[in-house]
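Each remark here refers to the structure printed beneath this line.
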Amino acid sequence: MNAADLLADLKKQPVGVACGLICLALGVLLFLRSSAIDERQAEYDAKSAEATQIVSNVSLSKNLPEQVQEIQALTKDLEARLVHAGQLAVNLQYFYKLEAENEVKLLDVRQNPVPKNATGYMGVSYNVTIQGTYAHVMTFLNRLENGRHFSRFSSVVLSKVAGNGDNSTNMTLTLNLELLGQP
């Protein structure tokens, strides 16, 4: 079969030849655009995820004003519970008040120095030594832990007071603690 015979066969079937050429052209076009399909699918997935996030944000934002007010109220409560390191007399008054309420004797209370470059929230360190009965000392410790200020104990030493020969039930409590505060 030569080229003249092939051309004669193609002229006998023009519709089949045209369909074959169209199929071939579409196949080449599909092959060339297959990478564009993947890119379009990735773009669609990204836009779909963004739309889902926006819908989620809109549905969650309906209570936003109430949540902002609640956070502001909690922030005011937190600010009221902070110790200010520069107000030494007010800070020590807290321990003297606990002493009076719990029937213990405050032997020593000292606020440790605060670093000069401190900013934000920080622990204001104290050394406290009290004396009293076991029940009163434990009540003092409980009120300090669950009191007005946020506290963290670094070390706690509880020891029995050496008496003068009597059966004394007095205890000494030595604390190293931090109260949450600001400089």
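The values are calculated or read from the model by the stated rules, or taken from the named source; none is laboratory data. Predicted model, so just to flag it, every value in this text is computed and none were measured. Cβ: placed from backbone, ideal geometry, glycine included. Neighbour counts: every protein chain shown.
A few comments on the model shown:
- If you go through region 13-60 and pick out every residue that is of a type in the set (Lys, Arg) and modelled with pLDDT of 85 or more, you end up with 2.
- Among the conditions (1) surrounded by fewer than 12 Cβ atoms within 10 Å (Cβ to Cβ); (2) touching a strand residue (DSSP E or B) at 6+ places or on another chain (Cβ under 8 Å); (3) charged (D, E, K, R), Arg81 misses just one, which is (1).
- Residues located in region 76-94, provided they are under 18 Å from Val114 (Cα atoms) and either in contact (Cβ under 8 Å) with a residue 60 or more places away in the chain or part of a loop (DSSP other than H, G, I, E, B) (or both): Leu82, Val83, His84, Ala85, Gly86, Gln87, Asn91
- Sole residue being of a type in the set (Lys, Arg) and at pLDDT 90 or above, chosen from Lys97, Lys116: Lys97
- Out of Asp77, Asp108, one residue alone is at pLDDT 90 or above and either among the small types (Gly, Ala, Ser) or not assigned by TED's automatic domain parsing to the domain that holds Thr169 (or both). It is Asp77.
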